[in-house]
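Participant: Below is one structure. I have some questions about it.
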Amino acid sequence: MKFDSKIYQITQPGSFGNISMGIGVLALILSAVGYLTNAGQFFHSYLVSFAFWVTLGLGGMFFTMLHHLTSSTWSTVFRRISETVTKILPLLFIFFIPIMLGGIHELYHWSHADVIANDELLQKKSGYLNEVFFIIRTVLYFLIWFFFATKLYTLSILQDTSDDASLTQRMLKFSSAGMILFALTISFAAFDWLMSTDAHWYSTIFGVYIFAGSYLAILTFLVLASHFLQGNGILNKEITVEHFHDLGKLLFGFIIFWAYIAGSQYFLIWYANIPEETIWFLHRWEGSWKPMSQFLMFGHFVIPFIILVFRASKRNLSVLKTMAAWILFMHYVDIYWIVMPTFHQHGVHFSWMDLTTFLGIGGIFISLFWRQFSAKPVVPVNDPTLQKSFGFMNV
Amino acid sequence: MKKPLGVLAEFSSSATLMYAAENLRDNGYKKFDCHSPFPIHGMDAAMGMKRSHLGFIIAFFAILGGLIGFGLQSWSHSIAYPIIISGKPYFAWQSYIIITFELFVLFAAFAAVFGMFKLNRLPMFHHPVFYSDRFSPKVTNDGFYVSIEANDPKFEPDSTADFLKSIGGSNVEILEEDA
């Protein structure tokens, strides 16, 4: 891999993208074999992996829009990374097609006419939870994401070669409309794809819960991607310990936010003690799901909290990158914990397809990301705040 | 008989003030302070200041607050006056979390504010720099000052004043009061 540090351009992207694509395609072929042997398990694993990579993309969209909305300077060095993640997000629609074609019946029991016929609650919900409207909604989410991702990315690339100062303002304007639609689409996507796997159950805070995980995912991705770039001699002087410290602070803050939202969701259901709500947590407290839930509490909140509370660990890159990788892993566990107990009610049941679908979608995601990222300057070279961002210091 | 309390020197800009602070730090002065109309980035490092211990004070009181909150609820709900509320067990720890969290935050906030006062030696009703006629009107407007206190181990009125002049200070005053 070669890098021209004068124009911030990767001149030779190396074989990373191809390796990643190879792993992705191979893993998807293996997953297809899995589909032929056990279609149910395939779609359960597939939904977890799909939701994991989509939430990472959505986190990227939120990070980019928040950057524009607050006119931040510290995060300008990370903007191109988060923009590229956002740019890849709408392409994940191709991975929704298998769910659209066959997965709905494997994943969502509200899609079976005979189940609805004997279930009054699902009859009442069928105006919203039906196959056609489900697909229309998903297409709509991806269209909205496509519009904002493309708009923000195109404007940003335009800024690289233009002296037009109004581009910053235009990105801000798109971000303000985009932020509102982001909040709505991430909530409803979470309701549709994840919450409706158990269609009797409902939680109004569920969208916020998924958002908390998404933002953690992009923060960890930024730490890991920056670390990867620096390992290849890219942006070694530009991304400093001060930037990592800020990502660490946000990680720490959103670890608490995640726990706060998860706690709020649990707490209200625990207090009210209504059977149709508590059943969801009961499934997650039965058999081997109980240690899994405890693992989630400690691994996703307690341990990262104790480690990241210290300033020294946020400023120590090897600690921070380890924590980032750990939290990203815990984000996967979180999604797994949301989806799987509905299908395996008596205990954790790992499958090799968990891994292959994850690597399949992930390999292609990372490969597309790298192709896009290495084709353009790695930072928004003409952004008026870029120099200030390089010299950013924590007070 | 006048008793010296410290020395005050005026500087022309934030840059010269920073330069003076670095010089004082490198020459072993400990009890000195810089006064400016606005905060100056990097001044803490230039003055050789260590990180404040406030974080540890806050952590201690936050944990104490959390323990008090959790302890009081557990004791009163499950030992002192056990009572069943909406079918929950006597020791319903889930319901204690909110108050525990709130007391954790409350104690942390109080520890932060009052700990900051204590570490800053506030409230302080008087300081020798106010004996200077030039200091008060200028320091909130366009003046940059260094003050060195008499209890600094390296303090000696005349030589300290000369040193401040040598690093660019003007209007150097020895602050005194009647003994």
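Participant: Contact order normalised by length for the stretch B:54-119, with contacts defined as Cα pairs under 8 Å and 6 or more residues apart; what percent is it? Don't jump to the answer; show the numbers that get you there.
Facilitator: Values: 67 pairs, mean separation 37.0, N = 66.
So the answer I get is 56 percent.
Participant: How big is the gap, in Å, between the Cα center of the stretch A:20-63 and the Cα center of the stretch A:326-348?
Facilitator: Each part reduced to its Cα centre gives a spacing of 14 Å.
Participant: Give the total of Lys-Lys pairs in chain A with Cα-Cα distances below 23 Å; include a pair only if its members are 8 or more places apart or on different chains.
Facilitator: Lysine pairs meeting the criterion: 21.
Participant: Here is a further query. Grab the DSSP H runs of chain A that are 4 residues or longer, score each as -39,500 (n - 2.57), total them, divide by all residues and round the 222 nm result to the nearest 500 deg cm²/dmol. Kindly include the intermediate steps, with their values, before the conclusion.
Facilitator: Working: 17 runs with 275 residues, N = 395.
That comes out to -23000 deg cm²/dmol.
Participant: Farthest toward the dipole's positive end in chain A, which of A:Ile23, A:Val48, A:Ser293, given Cβ charges of +1 (Lys, Arg) and -1 (Asp, Glu) about the Cα centre?
Facilitator: The Cα lying farthest towards the positive end belongs to A:Ile23.
Participant: May I ask you to evaluate 6.51 cos²θ - 1.76 cosθ + 1.60, the Karplus curve with θ = phi - 60°, for each residue of the stretch B:11-21 and list the ³J(HN,Hα) values in order in whole Hz, giving x for glycine and proline?
Facilitator: 10, 7, 8, 5, 5, 5, 5, 5, 4, 5, 4
Participant: Sorting B:Ile97, B:Ile83 on the 10 Å Cβ count, fewest up front, what's the list? Let's see the in-between values first.
Facilitator: Numbers: B:Ile97 16, B:Ile83 8.
Listing B:Ile97, B:Ile83 from fewest to most nearby Cβ atoms yields B:Ile83, B:Ile97.
Participant: While we're here: If you filter the stretch A:1-55 for chymotrypsin sites (Phe, Trp or Tyr not before Pro), then keep DSSP loop positions with at most 16 other Cβ within 10 Å, what is left?
Facilitator: On the way: sites: A:Phe3, A:Tyr8, A:Phe16, A:Tyr35, A:Phe42, A:Phe43, A:Tyr46, A:Phe50, A:Phe52, A:Trp53; in loops: A:Tyr8.
For chymotrypsin sites (Phe, Trp or Tyr not before Pro) across the stretch A:1-55 that sit outside H, G, I, E and B with at most 16 neighbouring Cβ atoms in 10 Å, the list is empty.
Participant: Beta carbons within 10 angstrom, averaged per residue: use that to sort the peptides B:7-20, B:113-126, A:75-88, highest first. Please list the in-between numbers first.
Facilitator: Numbers: B:7-20: 19.9, B:113-126: 10.6, A:75-88: 24.9.
Descending mean neighbour count gives A:75-88, B:7-20, B:113-126.
Participant: Name the residue from A:Val139, A:Ile234, A:Trp193 whose Cα lies farthest towards the positive end of the charge dipole of the protein assembly as shown, charges +1 on Cβ of Lys and Arg and -1 on Cβ of Asp and Glu.
Facilitator: A:Ile234
Participant: Which whole number gives the average count of other chain Cβ atoms within 10 Å of the Cβ atoms across peptide A:259-271?
Facilitator: Working: counts 0, 1, 0, 0, 4, 1, 0, 2, 4, 0, 0, 4, 5.
Mean inter-chain Cβ contacts per residue within 10 Å come to 2.
Participant: Looking at the stretch A:227-304, which chymotrypsin sites (Phe, Trp or Tyr not before Pro) are DSSP coil and have at most 15 other C-beta atoms within 10 Å of their C-beta? Let's see the in-between values first.
Facilitator: On the way: sites: A:Phe228, A:Phe244, A:Phe252, A:Phe254, A:Phe257, A:Trp258, A:Tyr260, A:Tyr266, A:Phe267, A:Trp270, A:Tyr271, A:Trp280, A:Phe281, A:Trp285, A:Trp289, A:Phe295, A:Phe298, A:Phe301; in loops: A:Trp285.
When the chymotrypsin sites (Phe, Trp or Tyr not before Pro) of the stretch A:227-304 are filtered for loop state and at most 15 Cβ neighbours within 10 Å, A:Trp285 remain.
Participant: While we're looking at this one, here's another question. Along the charge dipole of the stretch A:2-385, Cβ charges K/R +1 and D/E -1, which of A:Leu36, A:Phe257, A:Gly347 sits furthest on the positive end?
Facilitator: Result: A:Phe257.
Participant: Here is a further query. What does the charge dipole of the stretch B:75-179 about its Cα centre add up to, to the nearest 20 debye, if the Cβ of each Lys and Arg holds +1 and the Cβ of each Asp and Glu holds -1? Don't skip to the end; give the middle numbers.
Facilitator: Details: 7 positive and 12 negative charges, 192 e Å.
In debye, rounded to 20, the stretch B:75-179 gives about 920.
Participant: What length, rounded to one decimal in nm, is gained on full extension from A:Leu69 through to A:Leu172, with 0.36 nm per residue of separation minus their alpha-carbon distance? Kindly include the intermediate steps, with their values, before the conclusion.
Facilitator: Working: separation 103, 0.36 × 103 = 37.08 nm, distance 0.55 nm.
Roughly 36.5 nm would be gained on extension.
Participant: Place a +1 charge on the Cβ of each Lys and Arg in the stretch A:212-330 and a -1 charge on the Cβ of each Asp and Glu, then give the dipole magnitude about the Cα centre in debye, rounded to the nearest 20. Don't skip to the answer; put the middle values down first.
Facilitator: Details: 8 positive and 6 negative charges, 87 e Å.
The dipole magnitude comes to about 420 debye.
Participant: Let me ask you something else. Run lengths n ≥ 4 of DSSP H only: what is the helix-derived mean residue ellipticity at 222 nm for chain B, with -39500 (n - 2.57) per run over all residues, to the nearest 500? The partial results should precede the final answer.
Facilitator: Numbers: 6 runs with 81 residues, N = 179.
Taking each H run of at least 4 residues, the total per residue is -14500 deg cm²/dmol.
Participant: Still on this model: Once fully extended, how much extra length lies between A:His200 and A:Phe267, figured as 0.36 nm per residue of separation less the alpha-carbon to alpha-carbon distance? Could you put the intermediate results ahead of the total?
Facilitator: Numbers: separation 67, 0.36 × 67 = 24.12 nm, distance 1.89 nm.
This chain segment gains 22.2 nm when fully extended.
Participant: On to the next question. I want to check the label-to-label distance for B:Leu122 and A:Tyr260. Put each point 7 Å from Cα in the C-beta direction and report it in nm to one decimal.
Facilitator: The two pseudo-label positions are separated by 2.6 nm.
Participant: From the C-alpha coordinates alone, can you work out the Kirkwood hydrodynamic radius of the stretch A:264-335, in Å?
Facilitator: Values: mean 1/r = 0.0716 Å⁻¹.
Computed over the stretch A:264-335, the radius equals 14.0 Å.
Participant: Given R₀ = 22 Å, FRET efficiency for A:Thr322-B:Phe56 by Cβ-Cβ distance, to 0.05?
Facilitator: Numbers: r = 24 Å, r/R0 = 1.11.
Between A:Thr322 and B:Phe56 the formula returns 0.35.
Participant: Continuing with the same structure: Considering the zone a paramagnetic label at B:Ser159 would reach in this model (a point 7 Å from Cα along the Cα-to-Cβ line), which residues of the stretch B:1-28 have amide N under 18 Å from it?
Facilitator: B:4-8, B:23-28
Participant: How many percent of the alpha carbon pairs in the protein assembly as shown exceed a separation of 33 Å? Walk me through the numbers on the way to the answer.
Facilitator: Working: 91989 of 164451 pairs.
It works out to 56 percent of all Cα pairs.
Participant: Kirkwood Rh and Cα-based Rg: tell me the resulting Rg over Rh for chain B, rounded to two decimals. Each step should come with its number before you reach the end.
Facilitator: Values: Rg = 25.1 Å, Rh = 19.9 Å.
Across chain B, the Cα-based Rg/Rh ratio is 1.26.
Participant: Same structure again: Two decimals is fine: what's Rg over Rh for the stretch A:255-305, C-alpha atoms, Kirkwood radius as Rh?
Facilitator: On the way: Rg = 11.7 Å, Rh = 11.6 Å.
Across the stretch A:255-305, the Cα-based Rg/Rh ratio is 1.00.
Participant: Treating the stretch B:54-119 as a set of equal point scatterers at the Cα positions, no solvent, please give the Debye-formula log₁₀ I(q)/I(0) at q = 0.14 Å⁻¹.
Facilitator: With no solvent term, the Cα-only Debye profile gives -0.47.
Participant: Mind putting a number on the dipole of chain A about its Cα centre? Charges go on the C-beta only, +1 for Lys and Arg and -1 for Asp and Glu, and I need it in Debye to the nearest 20.
Facilitator: Details: 22 positive and 21 negative charges, 257 e Å.
Dipole size: approximately 1240 debye.
No lab work stands behind these numbers, since they all come straight from the coordinates. Bear in mind the structure is a predicted one, so any value in this text is a computation, not a measurement. When we count neighbours, we look across all protein chains shown, and the Cβ atoms used for this are built from the backbone with ideal geometry, even at glycine.
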